[in-house]
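*Asks:* Mind having a look at this structure? Questions to follow.
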Amino acid sequence: MISDLMEKLTGVFGQGLSNSFYPVPQEVIGVGSAFDGWSPRAEDVVYQVLVGLSPPPGHAFHLELDTGAGMAQRKFWVRVELLCTCTREQLGKDMLCFLHHPEEELRRKQDLSLLHTLCTGSYLDVVKTAHWFCRFVRVAWLLLPQSRHWRLTLRPSSHSCQFQLSKEQESFMVELIFGVQPGDSDIFVGSQPTVGGIPSTTWLETCAVAEAKFFRHISRQGPQDSWHSRCLQLLSRSLMGVGFCSYTLKTVLMHLLSTVPLTRWRRRDLPQRLMDILNYLHCSLETKRLHQFVIGNERFPVEISLPSDLRLAEPLNRFQHLVSNPDAHVKAVQEHIRLLQG
């Protein structure tokens, strides 16, 4: 239902923005625990979807890597370039060229370019983009038939568009994050907030779409009664009060799904698979090494599109902080013990 709603919502966007120079919403992709099937508690479910953004006519997006950030936290800027559209004008298209028409004529006859609305300098601004999207959602919602039965309430958020849908006793939380896609890759640069302030023109590389496609790949390849998502759901519930984040367990599960035959993830295998996950986590803590699943993973399915430099990259260690911080390592080991006892 959420996916269908988001498709209709972006359809309204496409119609309403057809003559403007705002980013063009593309395919809506469900990501995260709700769409992967392992949300720990129903009352905490947030349906997170990624909305790809393409440049409007007369504009181009160029991704620029922040080389000072290091491979473990790849950050990008989305530089917006104005393109010559004189050819469109010659073909009878109703658009003036931002580069070759006088500014006075442009201001009088045409909407402002993206550089003057959602950019800071020459770079697409995450916060401005999120605020613009939320404003448009409030208006577009009233044009959808669902608005007659469901109530939409926007929630405060600086880097995404969050809202609650409610009807009688039913309620859903939805979060729209925005991404720019380099080529046809399933790796995006996205608008997720980070711990510690970073400039609003910084976009973070995210593997969320590639990981979502991996889970769907597993669902297609494995038996219909596979309980791999149930394993993650049960362990995630045990994390309440424990310092491990659910993404750590998700990373471990993805590694095991690529090594343990899919026929061994049925209900009868649940106790052994749960122990496999905990043992893998124990070994990772012992060695202070847990590789990020997508980047540099030779086992990652070739049908999921990745940039060649990321397929061949050195795997990233999610436990790198434990190498340089003995106190953090001791605490992580203690938390693993608590997880076993839970």
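The values are calculated or read from the model by the stated rules, or taken from the named source; none is laboratory data. The model shown is predicted, which means the values in this text are computed figures rather than measured ones. Cβ placement follows ideal geometry from the backbone for every residue including glycine, while neighbour counts extend to all protein chains displayed. The area values use the complete protein model at the heavy-atom level, side chains included, leaving out ligands, DNA and RNA. Shrake-Rupley method; radii C 1.70, N 1.55, O 1.52, S 1.80 Å.
*Asks:* Between GLN164, GLN169, GLN181, which is open to solvent by 10 Å² or more (accessible area, probe 1.4 Å), under 16 Å from the mean Cα position of the chain (by Cα) and in the same structural domain as PRO55 (by the TED database)? Steps first, please.
*Replies:* On the way: GLN164 fails: under 16 Å from the mean Cα position of the chain (by Cα); GLN169 fails: under 16 Å from the mean Cα position of the chain (by Cα).
Sole residue among the options that is open to solvent by 10 Å² or more (accessible area, probe 1.4 Å), under 16 Å from the mean Cα position of the chain (by Cα) and in the same structural domain as PRO55 (by the TED database): GLN181.
*Asks:* Could you please give the count of residues in the stretch 1-34 that are farther than 21 Å from PRO55 by Cβ and in contact with a Lys or Arg (Cβ under 9 Å, 6 or more places away or on another chain)?
*Replies:* 1
*Asks:* How many of the residues making up the stretch 306-331 are among the hydroxyl-bearing types (Ser, Thr, Tyr) and touching a strand residue (DSSP E or B) at 6+ places or on another chain (Cβ under 7 Å)?
*Replies:* Initial filter on the stretch 306-331 (among the hydroxyl-bearing types (Ser, Thr, Tyr)): 308, 324.
In the following step, the residues that additionally are touching a strand residue (DSSP E or B) at 6+ places or on another chain (Cβ under 7 Å) were identified as none.
Selection size over the stretch 306-331: 0.
*Asks:* Separate question: All but one of (1) assigned to a loop (DSSP other than H, G, I, E, B); (2) touching a residue at least 12 places away in the same chain (Cβ under 8 Å) hold for PHE163, so report the exception by its number.
*Replies:* It fails just one condition, (1).
*Asks:* If you go through the stretch 229-240 one residue at a time, do you hit one that is open to solvent by 10 Å² or more (accessible area, probe 1.4 Å), basic (Lys, Arg) and in contact (Cβ under 8 Å) with a residue 60 or more places away in the chain?
*Replies:* First, pick out the residues of the stretch 229-240 that are open to solvent by 10 Å² or more (accessible area, probe 1.4 Å): 229-230, 233-235, 237-240.
Within this subset, residues satisfying the condition of being basic (Lys, Arg) are 230, 237.
From what's left, in contact (Cβ under 8 Å) with a residue 60 or more places away in the chain: 230, 237.
Yes - at least one qualifying residue is present in the stretch 229-240.
*Asks:* Anything in the stretch 268-317 that is open to solvent by 80 Å² or more (accessible area, probe 1.4 Å), in contact (Cβ under 8 Å) with a residue 24 or more places away in the chain and closer than 21 Å to SER229 by Cβ? List them, or say none.
*Replies:* Scanning the stretch 268-317 gives ARG299, GLU303.
*Asks:* When the residues of the stretch 202-228 are narrowed to those that are open to solvent by less than 20 Å² (accessible area, probe 1.4 Å) and part of a loop (DSSP other than H, G, I, E, B), which ends up modelled with the lowest pLDDT?
*Replies:* So in the stretch 202-228, the residues open to solvent by less than 20 Å² (accessible area, probe 1.4 Å) come out as 202-203, 206-207, 209-212, 214-215, 218, 222, 228.
From what's left, part of a loop (DSSP other than H, G, I, E, B): 207, 222.
Details: CYS207: 92, GLY222: 87.
Applying the filter and picking the extreme gives GLY222.
*Asks:* For the stretch 293-304, does any single residue satisfy the condition of being in a loop (DSSP other than H, G, I, E, B), more than 22 Å from ARG220 (Cβ to Cβ) and not basic (Lys, Arg)?
*Replies:* Going through the stretch 293-304, the residues in a loop (DSSP other than H, G, I, E, B) turn out to be 293-304.
Those left that are additionally more than 22 Å from ARG220 (Cβ to Cβ): 295-296.
Among the residues that remain, those that are also not basic (Lys, Arg) are: 295-296.
Yes, because at least one residue in the stretch 293-304 is in a loop (DSSP other than H, G, I, E, B), more than 22 Å from ARG220 (Cβ to Cβ) and not basic (Lys, Arg).
*Asks:* Would the stretch 125-146 turn up any residue that is within 16 Å of GLU81 (Cα to Cα), in contact (Cβ under 8 Å) with a residue 60 or more places away in the chain and assigned by the TED database to the domain that holds LYS75? Break it down into steps so the answer makes sense when it comes.
*Replies:* Looking only at the stretch 125-146, we keep the residues that are within 16 Å of GLU81 (Cα to Cα), and these are 125.
Okay, now just the ones that are also in contact (Cβ under 8 Å) with a residue 60 or more places away in the chain, so 125.
Keeping just the survivors that are assigned by the TED database to the domain that holds LYS75 gives 125.
Scanning the stretch 125-146, I find at least one residue that is within 16 Å of GLU81 (Cα to Cα), in contact (Cβ under 8 Å) with a residue 60 or more places away in the chain and assigned by the TED database to the domain that holds LYS75, so the answer is yes.
*Asks:* Something else: Read through the list (1) free of Cβ contacts under 8 Å to residues at least 24 places away in the same chain; (2) part of a helix (DSSP H, G or I), then give the number of the only condition that LEU154 fails.
*Replies:* Among (1) free of Cβ contacts under 8 Å to residues at least 24 places away in the same chain; (2) part of a helix (DSSP H, G or I), the lone unmet condition for LEU154 is (2).
*Asks:* Filter the stretch 237-256 down to residues that are modelled with pLDDT under 80 and among the small types (Gly, Ala, Ser) and give me whichever is farthest from CYS283 (Cα to Cα).
*Replies:* GLY241
*Asks:* Given the criteria farther than 24 Å from ARG216 by Cβ and among the aliphatic types (A, V, I, L, M), does LEU257 qualify? Let's see the steps before the verdict.
*Replies:* Numbers: farther than 24 Å from ARG216 by Cβ: no; among the aliphatic types (A, V, I, L, M): yes.
Against the criterion (farther than 24 Å from ARG216 by Cβ and among the aliphatic types (A, V, I, L, M)), LEU257 does not qualify.
*Asks:* Another question, then. For the stretch 34-56, enumerate the residues that are open to solvent by less than 50 Å² (accessible area, probe 1.4 Å), at negative phi, assigned to a loop (DSSP other than H, G, I, E, B) and at pLDDT below 90.
*Replies:* The answer is TRP38, SER39, PRO40, VAL45.
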